[in-house]
Protein chains: 2
Amino acid sequence: MSQQPPRPAEPRRTAVTVAVCQIAPQVGDTAGNRRRARVAVEEAAGRGARIVVLPELANTGYVFTDADELLAAAEPLDGDTIRQWEDLAARWDLVIVSGFAELGEDGRAYNAAVLIDATGLRATYRKAHLWNGEKTWGFTPGDAPPPVVDTAHGRIGFMVCYDLEFPEWVRLAALAGAELLCGPVNWPLYPRPEGERPGEIVRIQADASVNRMFVAVADRTGTERGQDWLGGSVIVDADGYPVTPLHLGREAIATATLDLAEARDKAISEHNDVHADRRPALYALPGGKQS
Amino acid sequence: MSQQPPRPAEPRRTAVTVAVCQIAPQVGDTAGNRRRARVAVEEAAGRGARIVVLPELANTGYVFTDADELLAAAEPLDGDTIRQWEDLAARWDLVIVSGFAELGEDGRAYNAAVLIDATGLRATYRKAHLWNGEKTWGFTPGDAPPPVVDTAHGRIGFMVCYDLEFPEWVRLAALAGAELLCGPVNWPLYPRPEGERPGEIVRIQADASVNRMFVAVADRTGTERGQDWLGGSVIVDADGYPVTPLHLGREAIATATLDLAEARDKAISEHNDVHADRRPALYALPGGKQS
């Protein structure tokens with residue numbers, strides 16, 4: 001039989017406003033990146049958001065040339081950027097989830113993400129599935145599962161960009177009871193058939209619906225060293241349908257007011273439940289290896 | 001490290017035409033169901049298809065009232081329907097993948113699917129994830145993974161309807177080297193936000209793109225005992241984009257000519273491969289349980 005996900009013991013608030021902030025960080029402009037993030041968070045908070053998502057590597061930008069540049073830009077978890085986000089979260093009673101180029105105590109660079117609330121830094125995560133140049137610039141992949149944190153504004157999981165394309169990874173967060181999965185991303189712009197919604201968003205929709213879980217993705221925008229970005233920030237509901245308009249390719253903050261408690265109900269028919277219907281004993285590969 | 005999927009030793013044909021046949025089976029009309037399937041297969045073959053997909057439970061229809069009716073309608077694997085499909089496959093050199101209400105040798109009913117080629121019945125499968133009324137009508141769930149079969153027209157995996165909504169299950173077929181995943185389905189019609197593509201199709205797109213594998217889904221149409229059906233038959237490419245127009249809610253045969261060999265290349269960037277990038281050792285739940 002399948003396991004049931006943990007469920008919070010009692011009901012909380014009914015609705016919360018979530019913001020995804022599509023900003024344009026730039027490699028080499030630490031002060032500017034910090035300012036862009038602050039301005040976006042303040043605007044989102046002013047519009048009533050209590051959960052604010054920023055893009056991947058929001059403190060540094062993305063397009064590094066080599067390991068030296070990355071190591072010089074990455075920051076420790078007790079540095080100025082995290083302190084600023086802690087101040088913002090405390091002042092506005094926010095949950096902030098953001099991508100963060102982390103300089104570890106081991107001297108290595110991680111494509112990390114953090115969850116900060118009014119009490120401070122609650123959880124950190126290091127991207128487990130690295131994308132393309134991240135492998136050559138010297139990012140070290142993480143080995144720990146995506147965190148799921150009980151906050152005053154909901155039970156929130158998070159992971160980074162390409163991680164979202166591994167349904168097994170998304171499932172871990174969902175089975176740990178995430179009502180909302182936050183995804184800081186930097187989605188490179190690729191061609192797609194005319195009239196088609198970008199595949200990255202399609203995959204987010206599937207992540208949400210196969211788990212009956214809300215998903216909020218903050219993408220970046222702007223061109224950086226010739227790299228164009230999709231700018232596909234979106235919030236999707238637990239049925240997998242977008243609830244925010246797309247602002248492809250430009251700076252924007254999108255917000256949606258969600259009843260996260262809906263994600264605790266995994267039923268999709270009289271006799272079906274997207275988690276209880278799983279048959280994990282069958283999901284091993286022949287030979288007993290984990291699939 | 002991740003395992004590599006098996007790859008066929010040498011290249012085969014380059015392109016094959018695949019047809020998804022959206023027909024309208026009816027409970028209680030065995031002869032009519034057999035005729036509808038034959039007419040559709042012959043039309044698809046006449047249009048050049050060599051892989052033909054029929055809907056879930058194509059031999060019986062779907063909306064049973066109880067176990068007695070189901071058991072009376074289900075057929076053994078050596079019955080007239082399979083024999084007809086074997087004749088059609090031999091005559092036209094086809095691979096036929098169809099849903100099939102199977103009466104097992106154990107006297108139980110299974111929501112099965114079969115793969116038949118010019119040499120006869122190659123593989124059978126019993127739906128592992130049952131949908132709603134299937135649980136009360138007395139279908140027994142299967143316990144075996146989705147088959148993946150080397151055929152003259154490509155390496156083909158298959159599973160049935162709700163199975164497709166479990167990314168772990170789809171992954172098994174993909175890791176076993178399926179170039180094309182065929183899905184006989186019966187998708188009930190549900191409301192959806194205006195302008196949105198049905199979530200069932202969105203999830204198929206994700207199934208395809210996270211595995212770089214083609215997917216061909218044959219849905220049913222027609223109203224049966226008051227039940228409306230989506231009629232969402234579709235073929236999607238290995239990037240997850242549809243390559244056939246939708247014919248929602250009416251009988252239709254859609255075809256696409258695919259180069260299935262494309263699905264053997266899992267690379268999506270200079271340094272990324274959707275299967276090699278998996279980190280299965282991390283996909284276990286805390287406590288070592290299979291996620």
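For the range A:55-62, the criterion of being out of contact with any helix residue (DSSP H, G or I) (no Cβ under 6 Å at 6 or more places or on another chain) and not in a loop (DSSP other than H, G, I, E, B) is met by no residue.
Residues in the range A:241-256 that are under 12 Å from residue A:197 (Cβ atoms) and either more than 14 Å from chain B (Cβ to nearest Cβ) or touching a Gly at 6+ places or on another chain (Cβ under 9 Å) (or both): A:241, A:246, A:248.
Screening residue B:54 against (1) closer than 26 Å to residue B:141 by Cα; (2) surrounded by fewer than 24 Cβ atoms within 10 Å (Cβ to Cβ); (3) modelled with pLDDT of 95 or more leaves a single unmet condition, (2). Among the residues making up the range B:117-146, those that are in contact with a helix residue (DSSP H, G or I) (Cβ under 8 Å, 6 or more places away or on another chain), without any contact (Cβ under 8 Å) to a residue 40 or more places away in the chain and in a strand (DSSP E or B) are B:117, B:120.
Residue-wise test of (1) buried (at least 23 other Cβ atoms within 10 Å of the Cβ); (2) modelled with pLDDT of 95 or more; (3) more than 9 Å from chain A (Cβ to nearest Cβ).
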{"position": "B:156", "(1), (2), (3)": "yes, yes, yes"}
{"position": "B:162", "(1), (2), (3)": "yes, yes, no"}
{"position": "B:168", "(1), (2), (3)": "no, yes, no"}
{"position": "B:174", "(1), (2), (3)": "yes, yes, yes"}
{"position": "B:187", "(1), (2), (3)": "yes, yes, yes"}
{"position": "B:198", "(1), (2), (3)": "no, yes, yes"}
{"position": "B:213", "(1), (2), (3)": "yes, yes, yes"}
{"position": "B:223", "(1), (2), (3)": "no, no, yes"}
{"position": "B:228", "(1), (2), (3)": "no, yes, yes"}
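Being part of a strand (DSSP E or B), of a type in the set (Phe, Trp, Tyr) and closer than 24 Å to residue A:142 by Cα, is that true of even one residue in the range A:154-174? Yes - at least one qualifying residue is present in the range A:154-174. Screening the candidates A:257, A:244 for the property of being surrounded by fewer than 24 Cβ atoms within 10 Å (Cβ to Cβ) and either out of contact with any strand residue (DSSP E or B) (no Cβ under 9 Å at 6 or more places or on another chain) or under 15 Å from residue A:154 (Cβ atoms) (or both) yields one hit, A:257. Right, residue B:126: touching a Ser or Thr at 6+ places or on another chain (Cβ under 6 Å) and over 18 Å from residue A:208 (Cα atoms) or not? When the stated conditions are applied, residue B:126 does not pass them. Residue A:194 fulfils the conditions (1) assigned to a helix (DSSP H, G or I); (2) among the acidic types (Asp, Glu); (3) without any contact (Cβ under 8 Å) to a residue 40 or more places away in the chain except for a single criterion, (1).
Among the residues of the range B:147-167, the one identified as acidic (Asp, Glu) and in contact (Cβ under 8 Å) with a residue 40 or more places away in the chain is B:150.
The values are calculated or read from the model by the stated rules, or taken from the named source; none is laboratory data. Just so it is clear, the structure is predicted and the values come from calculations on it, not from any experiment. Note that each Cβ is placed from the backbone with ideal geometry, even for glycine, and that neighbours are counted across all protein chains shown.
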